[in-house]
Amino acid sequence: MSNPFREDLVSRSRPESCTVVIFGATGDLTHRKLIPALYNLAIDGELPSNVKIVGFARRDKSDEVFREGLKELNKDVSRSGHNDEIWNDFEQTVHYHQSEFQDLDGYKRLADRLDAIDTERGSKGNRLFYIASAPEFFDDILQNLKDAGLNNAAKGAWARVIVEKPFGTDLATAQHLNQVVNNTFEEKDTYRIDHYLGKETAQNIMVLRFANAIFEPLWNSRYIEQIQITCSEHLGMEGGRGGYYDTAGAMRDMVQNHLLQLLSLVAMEPPTDLSADGVRDEKVKVIRSLRQWDTPELVAENVVRAQYTAGHIHGKSVVGYCEEDRVDPESNTEAYVAVRCMVDTWRWSGVPFYVRMGKRLPKKATEISVHFKSAPNVLFNAIPGASDEGNVLVIRIQPDEGISLRMVSKLPGTSLRLEPVKMDFHYSTSFGKGSPEAYERLLLDSMAGDATLFARRDEVEEAWKFVDHIEQAWHAEENQPPMAEFTAGSWGPEEAEDLLAKDGNTWRRL
Amino acid sequence: MTDSENMALGTPVEVANIEKELYKLWEADEARTNASLMNFAVYSEEKGSLAKNSDIVRKITREHACRAILVGIDKQAKEKTVSAWITAHCHLAHGQKSVCCEQIAFHLTGRSTGRFRNTIFANLQSDLPLILWWQGDLSNMFSEGLYRRINRLVIDSSDWKNPIDSFKLMSEAWGDKKSLVIQDLAWTRTYNYRLAVAALYDDPMAAESLPTTQKIKVVANPKHRFSALLMVAWYCDLAGWQPSQDLVDDGDLNGSYRFEKKNGELVDVEVKYDDESMPISKFEVISDSVEICISRNKGDDLLHHLLKCSKHTLDTHGQADSIDGAELVTNQLSRGGKNSLYKRIFPKFLDLV
Ligand SMILES: NC(=O)c1ccc[n+]([C@@H]2O[C@H](COP(=O)([O-])OP(=O)(O)OC[C@H]3O[C@@H](n4cnc5c(N)ncnc54)[C@H](OP(=O)(O)O)[C@@H]3O)[C@@H](O)[C@H]2O)c1
């Protein structure tokens, strides 16, 4: 039965009422991101009524104790503050279910419990399973969900699964995982989270490109010289992160998922429509068109990996990567990576996409910069001393979300001096109100069955294919491309500068 | 104008020098960013409105960067004068950068009041949309030359002393300019009630019960009669019902109305007014198997949502609409949109009025 009263209240597909089951509910992700996101949706009146949340984890806890812990953290991190009265209503919808991930009986009890919830509130039995556990448990959880029959939705209802990153550690594990997921849930019911896609500016890349008539005609190799995607972090391995990070590295942790997703949004062809598959069909073509760096020589030529050595950040001295807590002193894992990508399509022929990610860089920022070709070397550009810098369009993903355009202007004065100036648009100051957290948007989309902002199976596997060649060269017995070094607090190793210098380019200064 | 009113409006300037003076204002302090996404004009014929509106605009600019243009009109004054002031409303963004919006205030008296339209147009930031908040009844100053050039008109029909004339002018404006977006704060005040109704009908039992609806009861404050009637018109339109031939209004302040479902069955709607009530304090739908009630206690900033059916009960709270004018306008500006649903139900609403 459709609900006529939703008309005109929200311009998006309508999220449907459901029970959200979170696996790993006593963990950090649930406390810091998932519950605050659901609570903020409730405050904004966006959460469908009748949504129930069941947290699944190992520790023995009552509903009350579980709720109390969630409440404490929500007070600290909730985007729009904490209101006791709304929380009191909200927490009534939250329950705790104690079980080991490996214990089938726990899932059977869960199934009974979910049925009881549906009977009690008269709902049709939509279920959203959110796997917020470490990846080694994915197999167990998915298999047990299947064995307990929880993957089969009741008639007229749906059962969907959201899977957190990391989605595999290489192509083989990702394929295995995809197989396990798709043994239990159909691809259309599988939502692989990449929270970068939930960010306002990431969504705005498509709007900027396809809703404004002025950019698309210039968006090709004829006018664009190069594109850079930078994700820099000032943090190192604080809070015990070293343990996980040292097994992953910058390439697997950030490039394979977030940065290649951003690259595909920037480079994709206009989709035929805005349906989830319409958009993802075009995105995956980009990843598929990446030239493969599949020999150690090509990797050495086009990719730079590095670790930081001791240095200073924000006035404080910090240790080098190999001296970090929980990092192997002999570690061969990169904390910095720069890749020169070539997208072999008609549109991008000859345009390098430089992607870099690093820890312990001077500041925290994720930005995409599109560098246009310089104007011809006549008229103003022929004046001695004229800057030959082209226009640069910058899309800032975080923290200060916005868009800026650099262009050349005449300096005031009687002589003719030209200098670059910047036109700047900041989300926060222009729209005043804060953007919703990425998880809010993504949770609602999954309740609405809209998978546009989630990674599809082929996207994930194609991205791993690209990354695997590089990882294999790095970990080969012989001929390994070297591991470069840079001082913590600097903008990365010399080798990364050389990577661009070969093309006559330089990294943009952020 | 009193001294304190003058103070609130900032620096007095010559009308001819406004742009120059604004430029000086920005030059004086480099740490500030001048932000603007729209021209936001506020028109009022009420005495002392300029200082009050300057305060309201200060609140609105926290969320909506704009160039604000305030116009205060005194038609009765004998003397013909035009005075102007400029100021900037600044707010800290993320505790660091100061983001400012400029404001120009005009006071027009006597026969100068006729110049108000050109006064607004001469001081707009080019290419940005113009939103006009017209306070009070629409008067003969609300002319075609004005509304043809604005993108969005904000009004509050609850404040109108002579609603029939104003609604007529409004309909004419819509007739002349189909793309004009009109945002009535009486409609904005129903937003969270509508959201609550929509949320409760997400429940499959509630959705199934819609065809068996028998009665609707609304309790509202008499000052907010139009909000109550807009809510009724909205509900009945989306449910697919038509006003019945034997639509009755018993002449009493309280109203009873009758709607006809597609199958010919009748639904009674009862609107009761209570001076102590919040703008709307109750919206109740009774059907064969389900009862839906959304209510708001006096002074509360939350709505109570209740759904009762044979198998289960749903009892929660949600946000209520603000009673503060500045906040209502802020929320309305954030929602944007074409407000086409309001336009669609408007004829049904006028029938009820
Ligand atoms: N934290 C973030 O901000 C973030 C961001 C992006 C992605 N992720 C990903 O999300 C996943 C979860 O991260 P997290 O930081 O929340 O991890 P976490 O804090 O270590 O939480 C792990 C959760 O798994 C449960 N668990 C572990 N072994 C179990 C077992 N055998 N049976 C039942 N429950 C078991 C734990 O329950 P007990 O406490 O009861 O043992 C706990 O609830 C990871 O894959 C991570 O990479 C996290």
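Read the figures in this text as sums done on the coordinates, not as results from a lab. What you are looking at is a predicted structure, and each value in this text was computed from that prediction instead of being measured. Glycine also receives a Cβ, built like all others from the backbone with ideal geometry; neighbour counts cover every protein chain displayed.
Annotations for the structure displayed:
- Nearby lysines by direct alpha-carbon distance to B:K272 (threshold 30 angstrom, same-chain neighbours under 8 apart not counted): B:K161, B:K168, B:K215, B:K217, B:K223, B:K261, B:K262, B:K282, B:K298, B:K308, B:K343, B:K348
- Value of relative contact order over chain A, rounded to a whole percent, pairs C-alpha under 8 Å and six or more apart: 18
- In the elastic network of chain B, a GNM with C-alpha springs shorter than 10 Å, the most mobile of B:S310, B:S166, B:S277 is B:S310.
- Between B:N151, B:N118, B:N39, the Gaussian network model of chain B with springs among Cα atoms under 10 angstrom shows the greatest mean-square fluctuation at B:N118.
- Cα gyration tensor shape for the protein assembly as shown, rounded if a/c is under 1.5, else prolate or oblate: oblate
- Contour minus Cα-Cα distance for A:R109 and A:K155 (0.36 nm per residue): 14.5 nm
- The modelled label-to-label distance between B:D274 and A:L298, using points 7 Å beyond Cα along the C-beta direction, is 7.6 nm.
- One decimal place: the segment B:K24-B:H312 gains 97.1 nm when fully extended, by the rule 0.36 nm per residue minus the C-alpha distance.
- In the stretch A:214-269, trypsin sites (Lys or Arg not before Pro) in a DSSP loop with at most 15 other beta-carbon atoms within 10 Å: A:R222
- Across B:L210, B:L185, B:L328, mean-square fluctuation computed from a Gaussian network of chain B (C-alpha pairs under 10 Å connected) peaks at B:L210.
- Proximal charge balance of A:W158 [Cβ under 12 Å; K/R count +1, D/E count -1]: +2
- Proximal lysines to A:K75, defined as alpha-carbon separation beneath 21 angstrom and excluding residues fewer than eight positions away on the same chain: A:K33, A:K52, A:K61, A:K433
- With neighbours defined as other Cβ atoms within 10 Å of a residue's Cβ, the residues A:H95, B:H312, A:H314, B:H64 order from fewest to most as A:H314, B:H312, A:H95, B:H64.
- The residues A:H475, A:H234, when put in order of fewest to most other Cβ atoms within 10 Å, stand as A:H475, A:H234.
- Ascending count of other beta-carbon atoms within 10 Å, so fewest first, for A:W293, B:W160: B:W160, A:W293
- Other-chain or far-sequence residues with amide H under 5 Å of A:A451's (modelled H): A:A276
- Of the GluC sites (Glu not before Pro) found in the stretch B:273-353, the ones in coil according to DSSP and having at most 11 other Cβ atoms within 10 Å of their Cβ are B:E276.
- Cross-link reach list, lysines versus A:K283, counting only Cα pairs under 21 Å and skipping chain neighbours closer than eight places: A:K165, A:K188, A:K199, A:K465
- Sequentially through the stretch A:54-61, phi angles give Karplus couplings (6.51, -1.76, 1.60; θ = phi - 60°) of 10, x, 10, 7, 7, 4, 7, 8 Hz, Gly and Pro residues having no value and appearing as x.
- B:V290 long-range amide H proximity, modeled H, under 5 Å: none
- Cα-based shape type of the stretch A:179-328, given that a ≥ b ≥ c are square roots of the gyration tensor eigenvalues and the cut on a/c is 1.5: prolate
- Cα gyration tensor category, rounded, prolate or oblate, for chain B with a/c compared to 1.5: prolate
- Taking the stretch B:3-184 and dividing mean pair separation by its residue count, relative contact order in percent (alpha carbons under 8 Å, at least six apart): 22
- The stretch B:157-270: translational diffusion in µm²/s, Stokes-Einstein, Kirkwood Rh over Cα pairs, 37 °C, 0.692 mPa s: 207
- Expressed as a whole percent, the proportion of Cα-Cα pairs in the stretch B:3-184 lying more than 29 Å apart is 20%.
- Rule-of-thumb Rg ratio for chain A [Cα; 2.2 N^0.38 Å; N residues]: 1.04
- Computed from the C-beta positions of A:Q98 and A:L274, the FRET efficiency with R₀ = 60 Å rounds to 0.90.
- The GluC sites (Glu not before Pro) found in the stretch B:35-107 that occupy coil by DSSP, while having at most 10 further C-beta atoms within 10 Å, are B:E79.
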